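Notes follow the structure.
Laboratory data are not the source of any read-out in this text; all were calculated from the coordinates shown. Note that the structure is predicted; figures quoted are calculated from it, not measured. Cβ placement follows ideal geometry from the backbone for every residue including glycine, while neighbour counts extend to all protein chains displayed.
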Amino acid sequence: MLGALDCLGNPSSVHAEGRRARDLIEEAREAIEAFVSAPARSVVFTSGGTEANNLALLGAPAERLIVSAVEHPSVLEAARRSGKPVTVLPVDSDGIVDLSALDRALAEGGRALVSVMLANNETGAIQPIAEVVKLARRHGALVHTDAVQAAGKIEVSFEAFGVDLMSLSAHKLGGPAGVGALVLRDGLDIEARQLGGGQEFRRRAGTENVAGIAGFGAAVKAAARELPEASLRMSDLRASLEAALAEGPDRAHIFAKGAKRLPNTSCLAVRGLDAALLLMGLDLEGIAVSSGSACSSGKVAASHVLDAMGVEPELARGAIRLSLGWNSTAEDVGRFISGWRTFMGRMDSRRAA
Ligand code: PLP
C-alpha cells in the first residue's frame, strides 16, 4: 500500500505510470474475487461498505425492497430513501431473520430485491443466507448480502451462496478505511449512483483510490492465508472470555448466544449497568469497547438490532460490543478479564458505600 502511494499515474491513462496504477487495481480486484469465490470482473470498487450497500439498494433493478430489521443503517436508510415500497422482516430473539415472513413478503409479487446481511455487526449472528436465496429464487427476486462483518472471519463464497450482489469493506479485515467493494453477478443491470467518468465498468465514476485498493488487495491475501487458523483462535478466545464474564454476581447476559455467530464478536450487558458507564470504566483500564453499533457510537442511542430481537430496553441500554481481531492474544483476553473485574469491584464498593 505504501508503494502504491508513490504511484502517481491515473489508472485510466495509457502511459506507463497509468498502466502501473491500473495493474495495482487489477491485481487487487483478482485477489478479492478469489477471496470471495466470485467471477472475474465482478468486483466494483467503492469508498467502503456504506457506499456498496447504498449502490446495491438504490441501483439494483427492482420494484420493491425486502430488508431484515437488523441490517446496518446504510441498508435501512437507503431502503427508506429509495422511494420504493419496503418490507422490513422481523427477527427472532437471537436476531435470525424470519423465513416465513420472507416467503409471505415475496409472494406479494413485483420484482423484489432482498437484502439480508451475512453476519450482524452488533451481535455477530450469522443469517441463513442459502435459505434466503432459495426462497428468493422461487419468486424471481434478487438477493443482496452485506458481508462486511463476515469476510475475513468466516468463509464467504459469492458463488456458493448464489447471491446477486455482495458488499465488502477493507477496514473490517485488516485493510484501510475508505475503500470497499460491491460484487455483482455477471449481466446484472445496476444503475450507477456516482455519475461522471466510465470507471469501474461504468458502475462507479471517479478516479480510483489506488493506494486504498492496493491495501484492500493486500489485506485479503493476508486474510486468506490466516483465515482458518485465525477463526479457530478467535473462537477459543471468545469462549474463554464469555465464560469468565458469566461468573460472579455481575453476570453478563450474552446476546444472540443461541445463534451461530462470528468467532470474534460478543455483545453483552450487565443488568442495571449503563453502557456509557461500563465503556468509560473499561477505557480507564485501557480497554476499547463500543456500545451497541460502533458505527453510531459517540451517541449512545438504543440499538435497533436489540430492539428488533425483543430485548427489554432496560437491558439493551447496557449493551456493549467486544470485538477480537486476527491479532488478539490470550494475554489480551486476560488483560480484559482483569480490567473487567477491577471495574466490577469498583462498582461493588460504590454500591456498598
Ligand atoms: N455494513 C456493516 C455490517 C458494517 O458493520 C459496517 C461498518 O461497520 C458497514 C456496512 C459500513 O462500512 P464502511 O464503514 O466501510 O462504510
Worksheet item: Which distance in nm do the two modelled labels at Ala177 and Glu159 give, with both placed 7 Å along the Cα-to-Cβ direction?
Response: 3.5
Discussion item. I'd like the antiparallel share, as a percent to the nearest 5, of DSSP beta bridges with both residues in the chain.
Written reply: 55
Item to complete: Using R₀ = 35 Å, calculate the FRET efficiency as 1/(1 + (r/R₀)^6) where r is the Cβ-Cβ separation of Met280 and Arg81; round to 0.05.
Response: 0.50
Worksheet item: So how do Trp326, Trp340 line up by other beta-carbon neighbours within 10 Å, fewest first?
Response: Trp326, Trp340
Worksheet item: What ranking do 42-48, 28-34 get when scored by the average of other Cβ atoms within 10 Å per residue, highest first?
Response: 42-48, 28-34
Worksheet item: How much FRET efficiency would the formula 1/(1 + (r/R0)^6) give for Arg137 and Glu26, where r is the Cβ-Cβ distance and R0 is 41 Å, rounded to 0.05?
Response: 0.80
Worksheet item: Taking the Cα-to-Cβ direction at Asp98 and at Arg341 and moving 7 Å from each Cα, how far apart do the two end points lie in nm?
Response: 4.4
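As a test of the formula, what do you get for the chain when each DSSP H run with n ≥ 4 contributes -39,500 (n - 2.57) and the sum is divided by the residue count, at 222 nm and rounded to the nearest 500 deg cm²/dmol?
Numbers: 13 runs with 149 residues, N = 353.
It comes out at -13000 deg cm²/dmol, rounded to the nearest 500.
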Practice prompt. Let me see the pair-distance distribution of the chain: every alpha carbon pair, 20 Å bin width, integer percents in order.
Written response: 29, 54, 16, 0
Worksheet item: Which FRET efficiency, nearest 0.05, do Glu191 and His253 yield, Cβ-Cβ r, R0 45 Å?
Response: 0.55
Practice prompt. Excluding residues on the same chain fewer than 8 positions from Lys172, give the lysines whose Cα lies under 23 Å from its Cα.
Written response: Lys153, Lys221, Lys257, Lys260, Lys299
Worksheet, complete the sentence: In debye to the nearest 20, the charge dipole size for the chain, taken about the Cα centre with +1 at each Lys and Arg Cβ and -1 at each Asp and Glu Cβ, equals 300
